[in-house]
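Quick note: the coordinates plus some simple rules give every number you see, no bench work behind them. Predicted model only: the values in this text are computed from it and were never measured. Cβ placement follows ideal geometry from the backbone for every residue including glycine, while neighbour counts extend to all protein chains displayed.
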Amino acid sequence: MLRTVLPSLLRRCLLGAPLQELVTACSCSSLQAAGSSSAAQRWGQQQRQQQQRSHAAAFHTSTSTAHGHSSDEDEGAETISVTFVSEKDGSETTVKAPIGKHLLEVAHDNDIELEGACEASLACSTCHVIVEDEEFFHRIPEPTEDELDMLDLAFGLSETSRLGCQVIATKELDGLRVKIPSATRNFYVDGHVPKPH
């Protein structure tokens, strides 16, 4: 399947196709190759729901949130404590995570270096984190098949690996510690790290 899809994707990439178009083409091709029309329909429905959530969130985002700072809504929200540990230098950053936000969003709101190249659309593994305590790992809902597929591509995969965009802050996760691996596998070959919008 890769032999048939890769030339088309490379051609689109060289012609400057937007990332979302490439992800859609790749995902649709994968599902078609698997011969699963119901899977293709589920994937399409998930993409539409994700887009709707993104569009709805855009209307509730303040200017300060767009620039990496907590919004006024977050200030009154109930929070939990989450510690991000950098595998690169061992530094630890403990932040208050509003209940209901995913870890990728929390990291970006607090200027923590967690890539998230696909902007939480479950199309990459660059927001890979490793839950340090197995007890906390088991408090997180089971990963979906889509998340497991993306985790297979993650650098430094471990038994307690998750995607930051899929771990939602809940009361049960108060005190959570996650390690950010020293590298990611993204589509860039020049070391470019995309900035969150």
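Observations
- With an a/c value under 1.5 for the gyration tensor axes a ≥ b ≥ c computed over the alpha-carbon atoms, the stretch 70-180 is described as rounded.
- Here the stretch 76-119 is scanned for amide nitrogen atoms under 11 Å from the site 7 Å beyond the Cα of Asp133 along Cα-to-Cβ, giving 81-83.
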